[in-house]
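The values are calculated or read from the model by the stated rules, or taken from the named source; none is laboratory data. Here the structure is a predicted model, which means the values were calculated and not measured. In this analysis, Cβ positions are derived from the backbone assuming ideal geometry, glycine residues included, and neighbour counts consider all displayed protein chains. All accessible areas refer to the heavy atoms of the entire protein, side chains included, with ligands and DNA or RNA removed. Shrake-Rupley method; radii C 1.70, N 1.55, O 1.52, S 1.80 Å.
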Amino acid sequence: SAIKDHWLMLFVVIFLIGVVTGASSVALVGILLAPILSAGLFRITKQALDENKFDFNLVLTYFKDLNHAIKIIGVVIITNIIIVIGLILFVIPGIIFALQYSQALYIIAQNPEMGIEEALSKSKEIMK
């Protein structure tokens, strides 16, 4: 498998994404970078599992399509707002919302034509 053959490279990619988003979170740039880099990491691992290939350049894929990147950021921001509201109301609704919308980032990362609302609905449907 590609992951087994390239585990060190995958570890380096995960580490670098963590460093970049962690360091940039001080300047609030991490809020914009983290979802896009996470979607890129998802794309790398999905390709490694599905096609037995490992392509580091896939991390940067979503930086090339601004419309898709904005949707990814929007899904993450809306999901986080919903979860925080649920946690403020009471802890249990926040946990339920976190589980319901946990797949929205990955759904929209795989489906560039899908809208934010549709990705959130699909995640909620999948996680029932």
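Placing unit charges on C-beta atoms (Lys and Arg positive, Asp and Glu negative, everything else neutral), compute the dipole magnitude of the chain about its Cα centre in debye, rounded to 20.
On the way: 9 positive and 9 negative charges, 34 e Å.
So the dipole magnitude of the chain works out to roughly 160 debye.
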*Tell me what the chain gives for mean residue ellipticity at 222 nm when only DSSP H runs of n ≥ 4 count, each as -39,500 (n - 2.57), the sum divided by the residue total, rounded to 500 deg cm²/dmol.*
-24000 deg cm²/dmol
*Pop out the carbon and sulfur fraction of the accessible area of the chain as a percent, whole number, probe 1.4 Å.*
69 percent
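Which order do V76, V84 take when ranked by solvent-accessible area (1.4 Å probe, heavy atoms of all protein chains), largest first? Intermediate results must be reported in sequence, preceding the final value.
Values: V76 35, V84 75 Å².
The most accessible residue leads, giving V84, V76.
Any idea of the accessible area per residue across the chain, 1.4 Å probe, to the nearest Å²? Provide the component values of the computation, followed by the final result.
Details: 7840 Å² over 128 residues.
Per residue, the chain has an accessible area of 61 Å².
In Å, what Kirkwood hydrodynamic radius results for the chain from the alpha-carbon pair distances?
Numbers: mean 1/r = 0.0648 Å⁻¹.
Result for the chain, one decimal place: 15.4 Å.
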*Just how many % of Cα pairs in region 29-73 lie over 13 Å apart, if you round to the nearest whole percent?*
52 percent
*With unit charges on the beta carbon (Lys/Arg positive, Asp/Glu negative), name the residue among L87, A109, A23 whose Cα is farthest towards the positive pole of the charge dipole of the chain.*
L87
*In Å, what Rg and Dmax follow from the Cα atoms of region 1-61?*
12.1, 38
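Heavy atoms only, probe 1.4 angstrom, no DNA, RNA or ligands counted: give me Y101, Y62 ranked by accessible area, highest first.
On the way: Y101 35, Y62 5 Å².
So the residues, ranked largest to smallest area, are Y101, Y62.
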*On a 0 to 90 degree scale, rounded to 10, what angle separates helix 91-100 from the longest Cα axis of the chain?*
50 degrees
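What does the charge count near A104 come to, summing +1 for each Lys or Arg and -1 for each Asp or Glu among other residues with Cβ under 13 Å from its Cβ? All intermediate terms of the calculation are to be shown ahead of the outcome.
On the way: positive: K71, K122, K124; negative: E117, E118, E125.
Around A104, the surrounding residues sum to 0.
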*For E113 and I3 in the same chain, what is the full-extension length gain: residue separation times 0.36 nm, less their Cα-Cα distance, in nm?*
36.8 nm
*asked:* Just to check I understand the Karplus step: with θ = phi - 60° and J = 6.51 cos²θ - 1.76 cosθ + 1.60, what whole-Hz values come out for region 58-65, glycine and proline as x?
replied: 5, 4, 8, 3, 6, 6, 7, 10
_Cα long-axis angle, helix 116-126 against the chain (0 to 90 degrees, to the nearest 10)_ = 90 degrees
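Pairs of Cα atoms under 8 Å, at least six residues apart: use those to get the relative contact order of the chain, whole percent.
Numbers: 137 pairs, mean separation 25.6, N = 128.
Value for the chain: 20 percent.
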*K4: net charge of surrounding residues, Cβ under 15 Å, Lys/Arg +1, Asp/Glu -1, itself excluded?*
-2
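As a quick test, which of the pairs K4/K64; K71/K128; K4/K46 have an alpha carbon distance above 20 angstrom in this structure?
Values: K4/K64 29 Å; K71/K128 23 Å; K4/K46 13 Å.
Over 20 Å Cα-Cα: K4/K64; K71/K128.
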*What distance in nm separates the simple spin-label points at V29 and K53, each placed 7 Å from Cα in the Cβ direction?*
3.1 nm
*In degrees, nearest 10, range 0 to 90: what is the angle between the Cα axis of helix 7-24 and the longest Cα principal axis of the chain?*
50 degrees
*Got a sec to turn the phi values of region 71-88 into Karplus ³J(HN,Hα) couplings, 6.51 cos²θ - 1.76 cosθ + 1.60 with θ = phi - 60°, whole Hz, x for Gly and Pro?*
4, 4, 4, x, 4, 5, 5, 5, 4, 5, 5, 4, 5, 4, 4, x, 5, 5
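Working out 0.36 nm times the residue gap between L99 and I14, then minus their Cα-Cα distance, what length gain in nm do you get to one decimal?
Numbers: separation 85, 0.36 × 85 = 30.60 nm, distance 2.30 nm.
Between L99 and I14, full extension yields 28.3 nm more.
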